[in-house]
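First the structure, in the form of structure tokens, and then the observations on it.
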Amino acid sequence: NRPEAMNSLNTATITELSATIDELEKQPDVKVIIITGTGDRAFIAGGDIALLRTFTPIQARDLSIVVGKLFQQIETSPCVVIAAINGYALGGGCELALACDLRLAAEHAQLGQPEVNLGIIPGWGGTQRLSRLIGSSRAKELMFTGERVTAQRALEIGLIDHVYPDDQLLNYTQTLAQTIASKPQTAIQMIKTAVNNGMAMDKEKAIQYEADLFGLCFTTADQKEGMDAFFEKRPAVWKDE
């Protein structure tokens, strides 16, 4: 919520965002979190360069660790987190979007990792999450050149999931959020856990991990309700337990 600064991230906004996510996660009726930028120009235009240019090496590393914890909080949240990219998502803004579960963008949005143009590298998870999402070669090209890509190109390379007309982005995002929120959250959370944790394992271990979580599903009330409802030809009434 810093439209005058293109919603760039500084220490105050990082702290505020982390606290907001903490608070939302404590509310049992909150199942999906949507992150978007204030105004129509930027989702998050990156880190606050005016602040960063004053940093010592130790300060830069320490901020990277702090931001890394925020993005890890987003990535591992029990809620599904959707980035509604309503404008520029550059540098740290793109890195925040990468930490979200899903990324939807307005047609005029632009994404990129332009840190090389400042003589630095993406330091808030970008070198790792971007490579895992779109492949190392395409990720390197984006980071080597520092070029921005349009929303349509981002969709083509798998950087985002959907593109919508600018004035319809939030409506479509909310519709998707409502669809996800209507599902049994025990299963949703296990899906998120299986995918996220499995990505850090070799395939054999990841498949075994999936089997373990599949078995755990059969300890839940939602598994019984879902299968009973299927055979009784009625809508399931989820208990999220």
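The values are calculated or read from the model by the stated rules, or taken from the named source; none is laboratory data. All figures in this text were calculated on a predicted structure; none of them were measured in a lab. Note: ideal-geometry Cβ built from the backbone for every residue, glycine included; neighbour counts use all protein chains shown.
Is it the case that some residue within the stretch 194-204 is assigned by TED's automatic domain parsing to the domain that holds PRO122, within 27 Å of GLN113 (Cβ to Cβ) and part of a helix (DSSP H, G or I)? First the steps, then the outcome.
Taking the stretch 194-204 and keeping what is assigned by TED's automatic domain parsing to the domain that holds PRO122, we get none.
No; the residues of the stretch 194-204 include none that is assigned by TED's automatic domain parsing to the domain that holds PRO122, within 27 Å of GLN113 (Cβ to Cβ) and part of a helix (DSSP H, G or I).
Output the residue which, of all residues in the stretch 155-167 that are loosely packed, with under 14 Cβ neighbours inside 10 Å and assigned to a loop (DSSP other than H, G, I, E, B), is farthest from the chain's Cα centre (by Cα).
In the first step, residues of the stretch 155-167 are kept if they are loosely packed, with under 14 Cβ neighbours inside 10 Å; the result is 156, 158, 165, 167.
Cutting the leftovers down to assigned to a loop (DSSP other than H, G, I, E, B) gives us 158, 165.
Details: GLY158: 14, PRO165: 21 Å.
Here the answer is PRO165.
Where the second residue is basic (Lys, Arg) and outside any helix (DSSP H, G or I) and the first is touching a residue at least 24 places away in the same chain (Cβ under 8 Å) and assigned by TED's automatic domain parsing to the domain that holds CYS100 and lies in the stretch 135-161, which pairs have Cβ atoms under 7 Å and are six or more apart or on separate chains?
Between residues of the stretch 135-161 that are touching a residue at least 24 places away in the same chain (Cβ under 8 Å) and assigned by TED's automatic domain parsing to the domain that holds CYS100 and residues that are basic (Lys, Arg) and outside any helix (DSSP H, G or I), the close pairs are ILE160/ARG103; ASP161/ARG103.
Between a residue in the stretch 212-235 that is touching a residue at least 24 places away in the same chain (Cβ under 8 Å) and any residue that is polar (S, T, N, Q) and part of a helix (DSSP H, G or I), which pairs come within a Cβ distance under 6 Å, given they are 6 or more apart or on different chains?
Pairs that qualify, where the first residue is touching a residue at least 24 places away in the same chain (Cβ under 8 Å) and the partner is polar (S, T, N, Q) and part of a helix (DSSP H, G or I), are CYS217/GLN223; THR220/THR186; ASP222/THR186.
For residues that are farther than 15 Å from PHE43 by Cα and among the small types (Gly, Ala, Ser), scanning just the stretch 93-129, find the one that is surrounded by the most Cβ atoms within 10 Å (Cβ to Cβ).
Applying the first criterion (farther than 15 Å from PHE43 by Cα) to the stretch 93-129 yields 101, 114-129.
The next check asks that each one be among the small types (Gly, Ala, Ser); those that pass are 119, 123, 125-126.
Details: GLY119: 6, GLY123: 20, GLY125: 20, GLY126: 23.
The residue in question is GLY126.
Whether any residue in the stretch 133-154 is among the hydrophobic types (A, V, I, L, M, F, W, C), modelled with pLDDT of 95 or more and outside any helix (DSSP H, G or I) is what I want to check. Outline the logic, then answer.
Of all residues in the stretch 133-154, those among the hydrophobic types (A, V, I, L, M, F, W, C) come to 133-134, 139, 142-144, 149, 151, 154.
This time we only want the ones that are modelled with pLDDT of 95 or more, so: 133-134, 139, 142-144, 149, 151, 154.
If we keep only those that are outside any helix (DSSP H, G or I) as well, we get 149.
Checking the stretch 133-154: at least one residue is among the hydrophobic types (A, V, I, L, M, F, W, C), modelled with pLDDT of 95 or more and outside any helix (DSSP H, G or I).
State all residues of the stretch 95-114 that are farther than 12 Å from ALA151 by Cα and without any contact (Cβ under 8 Å) to a residue 40 or more places away in the chain; if no residue qualifies, say none.
Residues of the stretch 95-114 farther than 12 Å from ALA151 by Cα: 95-102, 113-114.
Those that are farther than 12 Å from ALA151 by Cα and without any contact (Cβ under 8 Å) to a residue 40 or more places away in the chain: GLU95, LEU98, ALA99, GLN113.
For the stretch 42-49, indicate whether the set of residues that are assigned by TED's automatic domain parsing to the domain that holds TYR164 and over 19 Å from GLN113 (Cβ atoms) is non-empty. Talk me through it step by step, then tell me what you get.
The initial filter retains those residues of the stretch 42-49 that are assigned by TED's automatic domain parsing to the domain that holds TYR164, namely 42-49.
The next check asks that each one be over 19 Å from GLN113 (Cβ atoms); those that pass are none.
No, that holds for no residue.
Does the stretch 26-37 contain any residue that is modelled with pLDDT under 85, touching a strand residue (DSSP E or B) at 6+ places or on another chain (Cβ under 6 Å) and more than 30 Å from TRP238 (Cβ to Cβ)? Walk me through it before giving the result.
Step one: filter the stretch 26-37 for residues modelled with pLDDT under 85, giving none.
No: the stretch 26-37 contains no residue that is modelled with pLDDT under 85, touching a strand residue (DSSP E or B) at 6+ places or on another chain (Cβ under 6 Å) and more than 30 Å from TRP238 (Cβ to Cβ).
If you go through the stretch 102-120 one residue at a time, how many are under 17 Å from THR36 (Cα atoms) and out of contact with any Asp or Glu (no Cβ under 8 Å at 6 or more places or on another chain)?
So the first thing to find is which residues in the stretch 102-120 are under 17 Å from THR36 (Cα atoms), and the list is 102-112.
Of the ones still in play, those that are also out of contact with any Asp or Glu (no Cβ under 8 Å at 6 or more places or on another chain) are 105, 109-111.
Number satisfying all stated conditions: 4.
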